[in-house]
Amino acid sequence: MSLKKQAVGGVKWTTASTVIVTMLQLAQMSILARFLEPEDFGLMAIMMVVIGFSQAFQDMGISNAIIQRQEISHTQLSSLYWLNIAAGAVLTLIVIAIAPLVAIFYEEPRITSLMILLSSTFILVAIGNQYRVLCQKNMNFRTMEIINVSTSIVSLVVAAVMAYKGYGVLTLVCAMITQAGLSSLLFLWIGLKHYHKPSLVYKHSELEGFYGFGMYQMGERSINYISANADKILIGKLVGINAVGFYNLAWQLIIFPLSKINPIINKVAFPVYSKVQNDSATLNRYYTLNLKLLSLVTMPLLAFLMFFSSEVVGLVFGKGWETTASLLPILALVGILKALGNPGGALILAKGRADVGFWWNVVWAITIVIALAVGLWIKPSLYTAVYILLGLNLTVGAIWHVLIARIGEIQYLNLIIHFIKTFIAVILIAWIGSTIINFYTINNNFINIILGSVICGALYILYLLAFEKKLMRTIREMR
């Protein structure tokens, strides 16, 4: 099968899975928001900052090196597998040790026992992580997405039952452990059957080429995670855990398009970029198409959230989440900027420049931590945080695109024109849709969202047919 057909097939499978998983996760969030308190979501968000940061060290940053390498031996894979298991065990012990300190920092004793439970995910993930990576390297997206959908269904059932029975924040913890454990075991089963069975061997000398790439990856992930979650850490400490609950659910709605749509393209893009890393013209063509497609999907979704924030929050979370709705419009703008910058990471990795990603994230983390700390110290408010995030993404975030253009030899002028044109169009379409809906004053969130979606969708299709004919033709030719 040709590389293009593999890429297109990967996008199709990943898209179908993402749509299903997104619906399942939205259903889970909607159910839990009606049984849990904002403080429960705030507690989970705080704990996930620690757990997520630790996950950057899960496999010593070597997973992407497995994909980037053209050839890799059985001995190397075996050595990497046991390294992954050892790292998972060490991280479990570290999180158990620091759990009481986190509880003291936030003056919340429940954090200790909950974090100890969550630490088990490191061992569980380590068992099957390498086989998940091998599935991606071999572009076996069908298997990956069947597992993702299956485990999401089980997680939803566990969460719904526990929430109904009144387990509170423990519901969120157990749902996460269930999904992580089941997913890892399924990848282990597939990997042992189709890829390789690790030998009882560990040869440090076989991994020297992986460590340089992996160390930068590990450093980049950890620094990137700090910068991505500095808002939750500082809001939790300076504004309150309850405020983190409102903020985190707003951000969850925003990152649904980012965390679901971006991986559809990036999961396929990284191995594709790696295969054409030495062909600048082909790499530029793939990256440009990637970013244009991404903007055409994420921008209209986030623009819709900007203008229908009250209706969406009211429908998904119910009453009592008005603060969350008020944060959505600004965070949607932040989301658009993040979406456009995200694919650059896959390109830089494919070019073997993990060092660039690392140092960029160091600068970004320092900038965002200082800006948020000073801003929230002067005025401790959720709105202070969201406006600071928007300002930084508009200014400092632009430097990231300059780096991508130089390293990947990407022709960015055409992309910039495309971004501006698409942004103006989707904002205008969402405004027209919301204006029409508000004129008729229908007091039903579901009906308003459906009618708004139909109006905005119809206008957007007309826009695509009128102004994106060439791009639509390229997409059709890829089928």
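The values are calculated or read from the model by the stated rules, or taken from the named source; none is laboratory data. Predicted model only: the values in this text are computed from it and were never measured. With ideal geometry, Cβ positions are generated from the backbone for all residues, glycine too; neighbour counts draw on all protein chains shown. Accessible surface areas use protein heavy atoms only, side chains included; no ligands, DNA or RNA. Shrake-Rupley method; radii C 1.70, N 1.55, O 1.52, S 1.80 Å.
Total residues in the range 138-180 satisfying the condition of being under 24 Å from residue 16 (Cβ atoms) and either of a type in the set (Gly, Ala, Ser) or assigned to a helix (DSSP H, G or I) (or both): the figure is 25. For the range 138-154, does any single residue satisfy the condition of being on the phi > 0 side of the Ramachandran plot and either at pLDDT below 85 or surrounded by 18 or more Cβ atoms within 10 Å (Cβ to Cβ) (or both)? Yes, the range 138-154 contains at least one residue that is on the phi > 0 side of the Ramachandran plot and either at pLDDT below 85 or surrounded by 18 or more Cβ atoms within 10 Å (Cβ to Cβ) (or both). Output yes when any residue across the range 257-265 is open to solvent by 30 Å² or more (accessible area, probe 1.4 Å) and at pLDDT 70 or above, and no when none is. No, because not a single residue in the range 257-265 is open to solvent by 30 Å² or more (accessible area, probe 1.4 Å) and at pLDDT 70 or above.
Rundown of residues vs (1) open to solvent by 80 Å² or more (accessible area, probe 1.4 Å); (2) in contact with a Lys or Arg (Cβ under 8 Å, 6 or more places away or on another chain), yes/no style:
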{"residue": "374", "(1), (2)": "no, no"}
{"residue": "393", "(1), (2)": "no, yes"}
{"residue": "446", "(1), (2)": "yes, no"}
{"residue": "451", "(1), (2)": "no, no"}
{"residue": "466", "(1), (2)": "no, no"}
{"residue": "473", "(1), (2)": "yes, no"}
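I'd like the residue in the range 9-37 that is over 21 Å from the mean Cα position of the chain (by Cα) and open to solvent by 20 Å² or more (accessible area, probe 1.4 Å) and, out of all such residues, is modelled with the lowest pLDDT. Step by step, filter the range 9-37, then rank; the result is 9.
In the range 122-130 there is at least one residue matching the filter, namely being β-branched (Val, Ile, Thr), closer than 21 Å to residue 47 by Cβ, open to solvent by 10 Å² or more (accessible area, probe 1.4 Å) and more than 18 Å from the chain's Cα centre (by Cα). Pairs linking a residue in the range 302-315 that is more than 14 Å from residue 334 (Cα to Cα) to a residue that is open to solvent by 30 Å² or more (accessible area, probe 1.4 Å), with Cβ atoms under 7 Å and 6 or more positions apart or on different chains, are 307/431; 309/329; 311/445; 314/445; 315/445; 315/446. For the range 396-422, the candidate set comprises residues that are part of a helix (DSSP H, G or I) and polar (S, T, N, Q); within that set, the residue that is most open to solvent (accessible area, probe 1.4 Å) is 414. Restricting attention to the range 230-244, the residues that are assigned to a loop (DSSP other than H, G, I, E, B) and open to solvent by 30 Å² or more (accessible area, probe 1.4 Å) total 1. Does residue 388 count as modelled with pLDDT of 90 or more, part of a helix (DSSP H, G or I) and open to solvent by 70 Å² or more (accessible area, probe 1.4 Å)? In short, no.
Might you check whether a residue that is crowded, with 20+ Cβ neighbours inside 10 Å, more than 30 Å from residue 273 (Cβ to Cβ) and touching a residue at least 40 places away in the same chain (Cβ under 8 Å) occurs anywhere in the range 174-194? Taking every residue of the range 174-194 in turn, at least one turns out to be crowded, with 20+ Cβ neighbours inside 10 Å, more than 30 Å from residue 273 (Cβ to Cβ) and touching a residue at least 40 places away in the same chain (Cβ under 8 Å). Within the range 157-171, being crowded, with 20+ Cβ neighbours inside 10 Å and within 14 Å of residue 26 (Cα to Cα) holds for one residue alone: 159.
Of all positions in the range 423-436, at least one carries a residue that is part of a helix (DSSP H, G or I), open to solvent by 30 Å² or more (accessible area, probe 1.4 Å) and under 30 Å from residue 283 (Cα atoms). Between residues in the range 71-91 that are modelled with pLDDT of 80 or more and residues that are open to solvent by 20 Å² or more (accessible area, probe 1.4 Å) and part of a helix (DSSP H, G or I), which pairs lie under 7 Å by C-beta distance while being six or more apart or on different chains? Within 7 Å, the pairs are 88/123; 88/125; 89/123.
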